[in-house]
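J.: Let me begin by handing over the structure; questions about it come next.
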Amino acid sequence: MPVADEDAPSSRFAALSIPAYRRLWWGGIFVFLASQAQQVARGWLAYDLTGTNKGLGGVIFGFGVSSLIAVPASGVVADRFPKRRIMILAQSAMGLAALGIAIAVATDTIEYWMLIAASVIQGSGMSMLGPARLAMTADLVERSALTNAIFLSNASIQSTRVLGPVISGVLIAVEPIGIGGVYFVGAALAILSVVSAAGLPPGNPRGRSGRSPLGDLADGISYVRGRPELTRLLTLGVLVVMFGFPHVTFLPGLIQDIYELDAWALGVLTASAAIGAVSASLFLANVEPRRLSSLQFRAGVGFAVSLSIFAAVPNYWGGVAVMVFVGGSSSAFQAMNNSQALVIADVEYHGRVQSLIMLAFTGFGLMALPMGLLADELGIRETMVVMGVIVGVCVLFGEAWRRRQSQPDLPSF
């Protein structure tokens, strides 16, 4: 049961005092740690197998295509079925995909198409997991505590971006273990996340609508369209993530071709972004909700500027320093977008609203391939500058939209 209003968390870590939320929080660490460790290994393996940025983009493209199909359904599923069951099934599928790649690498039968297939499964699993997990969060804490719980959840996820690359980089560098070992570890962590989810409340849906699944989906879209600020937040989130987040896809190519370094350097670079993200999430954990809009705008501008600076930094360690700001600003922007959207939305629509938020990552996956082609033709640095400029334009567009909505209607004469 959610904590009562009078007991709503007010300190930075107060939501963790709720036992069920704490279990959900730990389960998130397990599954996202597995995902982040595999992301580094997947990128390194894809680049080794293909030697092109297009190959890197193709793997993420498979993630995006599967998400494009799964995301619209995932919100309806989260609002119609027990959330615990959905989480267990999604995390189990992701664990099996990791185990399959681990065995293929260990037996030296790995091929590029297998990475694509695993990426499709991972994309589908994440698409189903995200809405169910966020909707479960809303079930476990009161609405007044939701912002605190979301930022703490985001901090846990971002902390895995510190640990995951470090674990992956170390294991890849140890020859008896290597990339296959990373995937075996990922499969084990997925099992732990399933065990954790099994101890959660069922998360039963709040009543039945009587409509078909397609009817529920249409109702969710209509619900969002009828709320201008919710529409603005979802549109802005999709644009910024779609055009800005693909930069992470090309970090392996940047490390190998531009900096001429090994896997450890990719782990450090990714971890630096995660350090910024964790710091930003903890800083914002007890921020007043009324400040979220203005802070989100600043975070978006910071993301656009820092990404462009990162692309221009001439040396590796300078890039590591700037990546702290890239990670912090991008994570803060996304977390504030999620928090505002779920606070605005009614509880029975949380799954569908979260699935629409996740369309941003579908766009991210789909945009990775054309951005990879552009990087092969134009260069990685130049492509990242393009990403930063587009993000800046999108953020300014979103702020102008917000200000227009807040303006009173002009009197007619």
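Read-outs throughout are calculated quantities, based only on the coordinates presented, and are distinct from any laboratory measurement. This one's a predicted model, so the numbers in the text were calculated from it and none came from an experiment. A quick note on method: Cβ atoms are made from the backbone with ideal geometry, for glycine too, and the neighbour counts reach across all protein chains shown.
J.: Once amide H atoms are built 1.01 Å from N in the peptide plane, which residues 5 or more positions from Glu142, or in another chain, come under 5 Å H to H?
T.: Val3
J.: Can you give the extra length, in nm with one decimal, that the chain gains between Asp108 and Glu229 once fully stretched, where that is 0.36 nm per residue apart less the Cα-Cα distance?
T.: Contour length minus the Cα-Cα distance gives 38.4 nm.
J.: Something else: Scaled to the compact-protein estimate 2.2 N^0.38 Å, what is the alpha-carbon radius of gyration of the chain, rounded to two decimal places?
T.: 0.94
J.: Still on this structure: Report the percentage of all Cα-Cα pairs in segment 212-268 whose separation exceeds 13 Å, rounded to a whole percent.
T.: 72
J.: What nm value, rounded to one decimal, do you get for the distance between Arg143 and Leu378 when each label is placed 7 Å out toward the C-beta?
T.: If labels sit at Arg143 and Leu378, their model points lie 4.4 nm apart.
J.: So how far apart, in nm, are the two label points at Val347 and Arg404 if each is 7 Å from Cα heading toward Cβ?
T.: Simple spin-label model gives 3.6 nm for this pair.
J.: For labels at Glu175 and Val393 in the simple 7 Å Cα→Cβ model, what's the distance in nm?
T.: Here the answer is 5.0 nm between the modelled labels.
J.: Run lengths n ≥ 4 of DSSP H only: what is the helix-derived mean residue ellipticity at 222 nm for the chain, with -39500 (n - 2.57) per run over all residues, to the nearest 500?
T.: It comes out at -27500 deg cm²/dmol, rounded to the nearest 500.
J.: For the chain, what's the relative contact order in percent, using C-alpha pairs closer than 8 Å and at least 6 residues apart?
T.: 29
J.: Please list 3J(HN,Hα) in residue order for segment 111-121, calculated via the Karplus relation 6.51 cos²θ - 1.76 cosθ + 1.60 where θ = phi - 60°; whole Hz, with x for glycine and proline.
T.: 9, 4, 4, 5, 5, 4, 4, 5, 5, 4, 5
J.: Okay, moving on. Which three numbers, in whole Å and largest first, are the semi-axes of the equivalent ellipsoid of segment 224-362 derived from its Cα gyration tensor as √(5λ)?
T.: 31, 15, 12
J.: Stretch Asp219-Thr52 to full length: gain in nm at 0.36 nm per residue minus the Cα-Cα span?
T.: Computed gain between Asp219 and Thr52 is 55.8 nm.
J.: At 0.36 nm per residue, minus the direct Cα-Cα distance, what do Tyr259 and Ile191 gain on full extension? Give it in nm, one decimal, please.
T.: Length gained, Tyr259 through Ile191: 20.8 nm.
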